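The values are calculated or read from the model by the stated rules, or taken from the named source; none is laboratory data. This structure is a prediction, so every number in the text was calculated from the model and none was measured. Backbone-built Cβ (ideal geometry, glycine too); neighbour counts: all protein chains shown. Heavy atoms of the whole protein, side chains included, go into the accessibility calculation; ligands, DNA and RNA do not. Shrake-Rupley method; radii C 1.70, N 1.55, O 1.52, S 1.80 Å.
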Amino acid sequence: MSNAELHQRRQQAIPRGVANSLAVYADRAVNAELWDVEGKRYIDFASGIAVLNTGHVHPRVKAAIAAQLEKFTHTCFQVTPYESYIELAERLNEIAPGPTPKKTIFLTTGAEAIENAVKIARFHTRRSAVITFSGGFHGRTLACISLTGKVQPYKAGFGPMLPEVYHVPFPSAFHGVSVDDSFEALAHLFKADVDPARVAAIIVEPVQGEGGFYIAPPELLRRLRTLCDQHGILLIVDEIQTGFARTGRMFAVEYSGVEPDLMTIAKSVAGGVPLAAVVGKAEIMDAPLPGGLGGTFAGSPLACAAGLAVLEVIREEQLLNRAAHIGNFMTSRLKGLQVRFPSIGEVRGLGAMVAIELVKNGNAAAPDADLTRSLVQAASRKGLILLSCGVYANVIRFLAPLTISDALLKEGFHLFEQTLQEVADNVLAAPA
Ligand SMILES: Cc1ncc(COP(=O)(O)O)c(C=O)c1O
């Protein structure tokens with residue numbers, strides 16, 4: 001069956017609301033390579049949206065899932081619990097940033113982790129309001145779209161949103177927004193809109209993912225910590241996209257030295273198997289009553305087995321170092337390209353969480369979503385899978401598996417350079 005035939009069937013059977021960035025239908029994948037149903041090979045710089053820090057079907061992860069499959073696939077932790085859930089929770093409690101004792105609950109998706117973090121924060125503080133950041137992305141459930149700071153396509157038409165959710169600007173040097181600007185907005189919010197004594201939590205991504213890979217200056221997180229402590233507000237750090245070695249640290253918040261009250265994790269935690277978690281200060285995590293938290297599939301035995309294997313792979317293959325190496329390679333090559341292609345307005349990255357922002361005439365206020373779309377499509381024709389992001393859909397994010405070989409990294413990057421040249425030549429050749 002061809003990509004075109006599958007795409008035809010997909011359009012008949014599946015609603016348009018689940019958008020596909022490429023009409024490339026996967027057949028099989030290994031580490032950083034993927035083959036489509038027509039046998040065409042791709043280098044994967046998307047990692048299924050930051051899920052495959054340990055690559056497609058890592059042999060250790062595969063073996064752990066296979067061993068668990070021989071025992072049982074599901075009992076529901078709330079009915080007959082099992083050791084792997086406890087062991088993975090113990091490991092995450094140990095590695096979570098900060099000295100305060102931690103506890104962990106497992107869920108299935110990132111959105112669910114966010115939902116649960118908000119529930120726990122509300123229960124613990126007995127307050128209801130939540131503050132998040134413009135451009136932030138926290139998932140697609142009703143509470144999560146309320147927290148998400150991007151209207152199209154996530155919020156529009158799905159209202160009403162959760163009440164008492166407030167957004168403040170996220171810093172970005174490229175767009176002239178400073179940490180002071182964010183704090184002025186918070187101060188104004190507390191004057192004009194909401195009593196800080198009603199605020200249960202502030203939720204922040206250490207690097208905005210879907211929003212465009214804007215990196216929180218460590219000062220933002222430190223000042224948020226102080227502000228939260230002043231007002232008895234909980235600081236929830238969303239590490240769903242940034243976690244598990246992606247940024248060169250296990251968790252990106254470590255760059256700031258801040259200890260979150262609650263941390264949400266998902267995506268790369270289990271090497272491609274659905275798993276999410278909230279890790280937090282034990283006293284806060286213990287607030288909701290028995291039965292108030294959980295889920296039928298939450299912390300599935302297959303996912304917990306995979307999660308334990310992922311932690312081993314990160315340690316044994318020194319993926320923190322690999323992330324720094326991949327990040328240095330990418331940012332230096334992209335900065336070289338920036339000199340030749342003024343459409344690349346900014347190159348930014350933290351470890352292997354790297355992006356370029358594409359703009360017209362080097363103007364930060366003129367996002368170039370068309371160019372971004374063309375690059376993603378043209379790259380796929382050359383055999384490179386790229387992902388875009390950004391509130392204005394003008395950012396390309398590079399999320400190669402951290403287990404990618406240097407040879408494949410270079411080959412993938414070469415394909416990107418060729419794509420950029422080709423698309424630029426086409427634009428120049430197009431009639432005005
Ligand atoms: C920072 C962040 N939070 C939450 C989510 C939602 O996760 P999920 O799609 O697993 O529900 C995402 C997904 O992209 C994310 O990047």
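Being assigned to a helix (DSSP H, G or I) and among the aromatic types (Phe, Trp, Tyr) is the filter here; which residues of the stretch 73-94 pass it? Please lay out each step first, then the result.
Restricting attention to the stretch 73-94, the residues satisfying the condition of being assigned to a helix (DSSP H, G or I) are 83-94.
The answer is TYR85, and nothing else.
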Select from the stretch 252-270 the residues that are away from the ligand (no atom under 12 Å from the Cβ) and out of contact with any strand residue (DSSP E or B) (no Cβ under 9 Å at 6 or more places or on another chain) and list them in ascending order. GLU254, SER256, GLY257
All conditions in (1) modelled with pLDDT of 95 or more; (2) open to solvent by 30 Å² or more (accessible area, probe 1.4 Å) are true of GLN152 except (1)
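Can you say whether ALA287 is among the aliphatic types (A, V, I, L, M), at pLDDT 95 or above and either open to solvent by less than 10 Å² (accessible area, probe 1.4 Å) or in a helix (DSSP H, G or I) (or both), as far as the supplied structure shows?
Values: among the aliphatic types (A, V, I, L, M): yes; at pLDDT 95 or above: yes; either open to solvent by less than 10 Å² (accessible area, probe 1.4 Å) or in a helix (DSSP H, G or I) (or both): no.
Taking the combined requirement at face value, the residue does not satisfy it.
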I'd like the residue in the stretch 10-42 that is among the charged types (D, E, K, R) and over 17 Å from HIS58 (Cβ atoms) and, out of all such residues, is surrounded by the fewest Cβ atoms within 10 Å (Cβ to Cβ). ARG16
Selection from the stretch 43-63 of residues that are open to solvent by 10 Å² or more (accessible area, probe 1.4 Å) and farther than 19 Å from THR372 by Cβ: GLY48, VAL51, LEU52, HIS56, VAL57, HIS58, PRO59, ARG60, LYS62, ALA63
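Residues are listed down the side, and each one gets a yes or a no for (1) in contact (Cβ under 8 Å) with a residue 40 or more places away in the chain; (2) surrounded by 15 or more Cβ atoms within 10 Å (Cβ to Cβ):
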position: VAL79; (1), (2): no, no
position: GLU90; (1), (2): no, no
position: GLU94; (1), (2): no, no
position: GLY98; (1), (2): yes, yes
position: PRO101; (1), (2): yes, no
position: PHE106; (1), (2): yes, yes
position: THR109; (1), (2): yes, yes
position: GLU115; (1), (2): no, yes
position: PHE123; (1), (2): yes, yes
Would you check if there is a residue in the stretch 44-59 being away from the ligand (no atom under 16 Å from the Cβ) and of a type in the set (A, V, I, L, M)? yes
Can you work out which of the residues in the stretch 125-148 that are under 15 Å from the mean Cα position of the chain (by Cα) and open to solvent by 20 Å² or more (accessible area, probe 1.4 Å) is nearest to PRO81 (Cα to Cα)? ARG140
If PHE213 satisfies every condition in (1) open to solvent by less than 30 Å² (accessible area, probe 1.4 Å); (2) in contact (Cβ under 8 Å) with a residue 40 or more places away in the chain; (3) more than 21 Å from ALA369 (Cβ to Cβ) but one, which is the exception? (3)
Can you tell me how many residues in the stretch 274-284 are open to solvent by 10 Å² or more (accessible area, probe 1.4 Å) and either within 12 Å of the ligand (Cβ to nearest atom) or among the charged types (D, E, K, R) (or both)? 3
Are any residues in the stretch 95-123 part of a helix (DSSP H, G or I), away from the ligand (no atom under 16 Å from the Cβ) and either among the polar types (S, T, N, Q) or farther than 24 Å from GLY257 by Cα (or both), and if so, which ones? ARG122, PHE123
Determine whether the stretch 181-196 contains at least one residue that is touching a residue at least 40 places away in the same chain (Cβ under 8 Å), under 20 Å from the mean Cα position of the chain (by Cα), within 30 Å of GLY327 (Cα to Cα) and open to solvent by less than 10 Å² (accessible area, probe 1.4 Å). no
Kindly check whether there is at least one residue in the stretch 255-272 that is open to solvent by 10 Å² or more (accessible area, probe 1.4 Å) and within 13 Å of LEU92 (Cα to Cα). no
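Would you mind finding the one in ALA429, ALA366, ALA407, ALA352 that is modelled with pLDDT under 95 and over 22 Å from ALA19 (Cα atoms)?
On the way: ALA366 fails: modelled with pLDDT under 95; ALA407 fails: modelled with pLDDT under 95; ALA352 fails: modelled with pLDDT under 95.
That would be ALA429, the only listed residue that is modelled with pLDDT under 95 and over 22 Å from ALA19 (Cα atoms).
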